[in-house]
1. Where the second residue is among the basic types (Lys, Arg) and modelled with pLDDT of 95 or more and the first is outside the structural domain of Leu55 (by TED's automatic domain parsing) and surrounded by fewer than 20 Cβ atoms within 10 Å (Cβ to Cβ) and lies in segment 65-85, which pairs have Cβ atoms under 8 Å and are six or more apart or on separate chains?
2. Picking from Ile278, Ile291, Ile266, Ile238, which residue would you name as being among the β-branched types (Val, Ile, Thr) and in contact with a Ser or Thr (Cβ under 8 Å, 6 or more places away or on another chain)?
3. Scan segment 301-313 for residues that are over 15 Å from Trp199 (Cβ atoms) and either part of a loop (DSSP other than H, G, I, E, B) or free of Cβ contacts under 8 Å to residues at least 40 places away in the same chain (or both) and report the count.
4. Taking into account only those residues within segment 102-118 that are among the charged types (D, E, K, R) and part of a helix (DSSP H, G or I), which is farthest from the chain's Cα centre (by Cα)?
5. Name, by its number, the condition in (1) touching a Pro at 6+ places or on another chain (Cβ under 7 Å); (2) at pLDDT 90 or above that does not hold for Thr168.
6. Report every pair of residues separated by at least 6 positions or lying on different chains whose Cβ atoms are under 6 Å apart, first residue within segment 230-247 and surrounded by 15 or more Cβ atoms within 10 Å (Cβ to Cβ) and assigned to a helix (DSSP H, G or I), second at pLDDT 85 or above and not hydrophobic (A, V, I, L, M, F, W, C).
7. Filter segment 174-199 for residues that are touching a Ser or Thr at 6+ places or on another chain (Cβ under 9 Å) and either under 12 Å from Val249 (Cβ atoms) or of a type outside the set (D, E, K, R) (or both) and give the result.
8. In segment 314-335, which residue that is of a type in the set (S, T, N, Q) and part of a helix (DSSP H, G or I) is modelled with the lowest pLDDT?
Amino acid sequence: MAGVKRRPHGSGHVYQPKSRGRKQRVWWIAYHLEGKLQRESSGTAVKKRAEDLLLSRLAAASDGALTAAGRRTTLADLRDLVVRDYENNQRATAYKVKQRFAALEARFGASCKASDIDAAAIEGYKTERLRKAKPATINRELGALRRGFRLAVKMGRLARRPEFSLLTEDSPRKGFFEEDQFVSLVKHLPEWMGQLVTWLCWTGWRGGEARGLQWLQVDRRKQVIRIEDTKTRTPRTIPYGALPQLVDVVDMQWRRTEEQRAGGKIVPYVFHADGRAIDDKSFYATWHAGIKAAGLAGKIPHDFRRTAARNMLRAGIPQNVAMLIGGWKTASVFHRYAIVDENLISENLAKLARKG
């Protein structure tokens, strides 16, 4: 037809599906990708915006950034790739991957095409997420997303991944428990929780690791604990008999366990709530009640890990031994916890003064 400007062959088109209603309808785009027709809603009733989306899809297909496989890969697929990777490598924190992707899926939708999540979309995610979460939390979420993109590219599910930066995080937390604070807290906790936090304070163990400790890992005769399955996948042997405070905890827990077993309960765990396994809900509910009653608002269980690292340094324990006791895999990670506070500096300056 004379005067009508026709779109070049193979450049796709925009259209509105037939509808009996009179409402303004959303425009769709159609184009060929690797010999197959692709149809996609533009999400807008403005034709110009739909045409812009079509042009961006054609440009991405032209430079290899868009593939047929990539158009099918969703955010949920990225999550599954990361979860499977964690499970295949026997990483104990696979459950955290799902938690981190949950925030991303709440923003973009689990069925969102991975190829639609570009650098601009991620910047928007940061802006919105900062209203509810700290930079460190957001960075863990974006780190999981980045890993998903890398795995998808490696497996040919995507042609490329978006480049994006992480947020600047706050300085590492420097919380400690001083002796009087620890004593006060234990007084406001039930016995089962008091024994657990005592263990955490002396060893620097992760809370989940201590709660998962089983009697089959404890040799009470030799006073040794042997752990094969750890977060860092590094087996550890802890001769707890060298520290009377730990011996007292193990002996107390053994008596409490025997009392529960006498009543017919099966109790495999060293630390338990009167025979019941200590799950996250019961642990944190008891923790928050205890610190509130003790007037220690703001304290968190992980403060024990920093406290133990500091106390080990103060006692002159070699770094490699301290790392073995608390389960720190690398020196760099240990140093994040072994924060030198003013008291430790003062003590060492006093030592220097005595030598002078």
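The values are calculated or read from the model by the stated rules, or taken from the named source; none is laboratory data. All values derive from a computational prediction rather than experimental measurement. Positions of Cβ are backbone-derived with ideal geometry, glycine not excepted, and every protein chain shown enters the neighbour counts.
1. As it stands, the answer is Asp85/Arg147, since those pairs meet every condition given.
2. Values: Ile278 fails: in contact with a Ser or Thr (Cβ under 8 Å, 6 or more places away or on another chain); Ile291 fails: in contact with a Ser or Thr (Cβ under 8 Å, 6 or more places away or on another chain); Ile266 fails: in contact with a Ser or Thr (Cβ under 8 Å, 6 or more places away or on another chain).
Going through Ile278, Ile291, Ile266, Ile238 in turn, the sole match is Ile238.
3. 1
4. Asp116
5. (2)
6. Tyr240/Gln223; Gly241/Gln223; Leu246/Tyr240
7. First, the residues of segment 174-199 that are touching a Ser or Thr at 6+ places or on another chain (Cβ under 9 Å): 175-178, 182, 186, 189-190, 192-193.
The answer is Gly175, Phe176, Phe177, Phe182, Val186, Leu189, Pro190, Trp192, Met193.
8. If we filter segment 314-335 for residues that are of a type in the set (S, T, N, Q), which is where we start, we get 319-320, 330, 332.
Restricting the remaining residues to those that are part of a helix (DSSP H, G or I) gives 319-320, 332.
Numbers: Gln319: 76, Asn320: 78, Ser332: 62.
Ranking the qualifying residues of segment 314-335, first place goes to Ser332.
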